[in-house]
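Below you'll find the structure, written out as structure tokens, and then a few comments.
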Amino acid sequence: MVEKQSIPDPYSDIRPFTDEEIAPVVEALLSDREFVSTMVGLTNPTALRWLPGIALWWARRLLRREVAHVNSIYDFQMLVKPRLDRISGETSTFTVAGLEGLPADQCHVFISNHRDIVMDSAYANHALNNEGRKTLQIAIGDNLLQKPWVSDLMRINKSFIVKRNLSGPKQLLAASKQLASYIREMITGNSDPIWIAQREGRAKDGNDVTDPAILKMLSLSRQKGVETPEAVLRLLNIVPLTISYELDPCDTRKAKELAFGVGYEKDAFEDLDSIATGIMGQKGQVHLQFGAPPAEEELSIEAMVERIDAAMVTNYRLFETNAWAWEILNGQTLTGDVMIHKGSIDRGDFLARFDGLSDAERDYALAMYAQPVSRRLAYQEAG
């Protein structure tokens with residue numbers, strides 16, 4: 001009897017899990033004490049603090065009941081969606097624009113500014129799902145996946161891995177080519193839209209600037225001597241995506257890190273704490289703006305970087321929090337043709353967020369909010 005040979009999977013170490021892989025992954029998550037403890041901490045921290053044994057036992061029992069009918073990635077996302085919708089509804093007012101201008105039967109690579117580890121792509125998924133469109137595959141750096149349960153949870157929710165912790169240029173090039181080929185296959189095969197940040201890591205200083213290396217990576221799937229980088233970028237249906245937050249739940253965390261400067265080291269649970277804070281913390285008004293695909297003459301890497309950066313500046317919704325921060329740092333009233341949207345918080349409560357920070361930390365926090373205003377003014381002045 002001849003054994004059936006399995007087809008090699010060149011992306012098995014980076015791609016999201018498939019429906020066939022769901023059952024053992026879910027079981028592994030339910031058996032992971034730290035995962036269950038984290039879930040309880042997000043929903044009922046008091047019970048975890050005072051009755052940890054009972055809280056974990058009860059949570060594992062409830063989780064097992066809830067995932068009993070999860071047999072696919074879609075099932076899992078539909079299980080998570082109501083909870084994320086509820087949290088989002090409690091912590092923000094969400095608006096969307098520009099999606100109607102994109103063909104519903106076409107997959108896109110959405111290159112987004114990056115302010116929150118989880119919620120940036122979660123809001124984009126929410127917008128797509130509400131319009132009956134395919135949900136995203138989300139690029140996530142392996143620096144966030146230090147714990148196996150975090151990696152499992154992300155990959156079960158259609159995240160794919162960007163390898164960053166590599167030892168040399170050869171390994172980095174090979175990983176970049178693998179990633180570029182994977183993204184290309186997803187788009188040209190019309191499998192799923194892709195979400196990827198415009199630069200590595202969050203823009204903690206509020207400066208949404210595209211790293212050309214992202215576009216260079218995307219072009220690496222080209223056949224040498226046959227395709228140009230421009231030809232590959234054309235195939236990917238790239239669209240800039242801009243998310244604007246009235247309030248950043250992690251603003252003081254980011255300010256402290258920026259004020260510390262070179263030598264700052266995260267503790268083991270800092271990213272997980274930032275994820276929880278980003279999900280549960282008050283965000284005020286949140287606006288998501290889908291941009292327009294680049295024109296034919298904007299398909300070079302340099303032109304596309306300029307195009308995406310311009311979209312980030314002009315599509316960013318400026319709130320009163322941005323204007324207040326700019327005015328305090330610049331010692332003048334904001335005037336001119338800059339539209340400021342009324343928010344959900346008053347000036348006193350906004351500034352009270354920074355009580356307890358040092359002067360340097362407070363300046364970094366304000367600069368984070370002021371940066372989009374400064375960029376808009378500079379863009380308008382440049383004409």
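The values are calculated or read from the model by the stated rules, or taken from the named source; none is laboratory data. A quick note: this is a predicted structure, and the numbers were derived from the prediction, not measured. Cβ: placed from backbone, ideal geometry, glycine included. Neighbour counts: every protein chain shown.
Which residues, taken from segment 234-285, are closer than 25 Å to K342 by Cβ and part of a loop (DSSP other than H, G, I, E, B)?
Passing the criteria: E246, L247, D248, P249, C250, G281, Q282, K283.
With respect to G356, determine if the residue is small (G, A, S), touching a strand residue (DSSP E or B) at 6+ places or on another chain (Cβ under 9 Å) and modelled with pLDDT under 95.
Numbers: small (G, A, S): yes; touching a strand residue (DSSP E or B) at 6+ places or on another chain (Cβ under 9 Å): no; modelled with pLDDT under 95: yes.
So G356 does not fit the description; no.
Considering only segment 84-123, state which residues are touching a Pro at 6+ places or on another chain (Cβ under 9 Å) and of a type in the set (A, V, I, L, M, F, W, C).
L102, C107, V109, F110, I111, M119
Assigned to a loop (DSSP other than H, G, I, E, B) and surrounded by 20 or more Cβ atoms within 10 Å (Cβ to Cβ): does that describe I138?
No; evaluated as a whole, the condition is false for this residue.
A292 passes all but one of (1) among the hydrophobic types (A, V, I, L, M, F, W, C); (2) in the same structural domain as L128 (by TED's automatic domain parsing); (3) under 22 Å from D116 (Cβ atoms); (4) assigned to a loop (DSSP other than H, G, I, E, B); which number fails?
Result: A292 fails condition (3) only.
Kindly indicate whether any position in segment 244-256 is touching a Pro at 6+ places or on another chain (Cβ under 9 Å) and surrounded by 17 or more Cβ atoms within 10 Å (Cβ to Cβ).
yes
Go over the candidates A59, A97, A55, A127 one by one and state the one that is buried (at least 16 other Cβ atoms within 10 Å of the Cβ) and touching a residue at least 40 places away in the same chain (Cβ under 8 Å).
Unique residue meeting the criteria: A127.
With respect to F110, determine if the residue is over 23 Å from R253 (Cβ atoms) and touching a residue at least 60 places away in the same chain (Cβ under 8 Å).
Judged against the criteria, F110 is a match.
I'm trying to understand the selection: among the residues of segment 166-186, which are more than 19 Å from V109 (Cα to Cα) and either touching a helix residue (DSSP H, G or I) at 6+ places or on another chain (Cβ under 6 Å) or of a type in the set (F, W, Y) (or both)?
Our first condition is that a residue be more than 19 Å from V109 (Cα to Cα); within segment 166-186, this holds for 166-174.
Within segment 166-186, L166 is the sole residue that qualifies.
Being of a type in the set (V, I, T) and either part of a helix (DSSP H, G or I) or surrounded by fewer than 17 Cβ atoms within 10 Å (Cβ to Cβ) (or both), is that true of even one residue in segment 345-362? Write out each step before concluding.
The first filter runs over segment 345-362 and keeps only residues of a type in the set (V, I, T), leaving 345.
Checking which are either part of a helix (DSSP H, G or I) or surrounded by fewer than 17 Cβ atoms within 10 Å (Cβ to Cβ) (or both) leaves us with none.
No, segment 345-362 contains no residue that is of a type in the set (V, I, T) and either part of a helix (DSSP H, G or I) or surrounded by fewer than 17 Cβ atoms within 10 Å (Cβ to Cβ) (or both).
Which of the residues belonging to segment 183-228 are part of a loop (DSSP other than H, G, I, E, B), exposed (fewer than 15 other Cβ atoms within 10 Å of the Cβ) and among the hydrophobic types (A, V, I, L, M, F, W, C)?
V226
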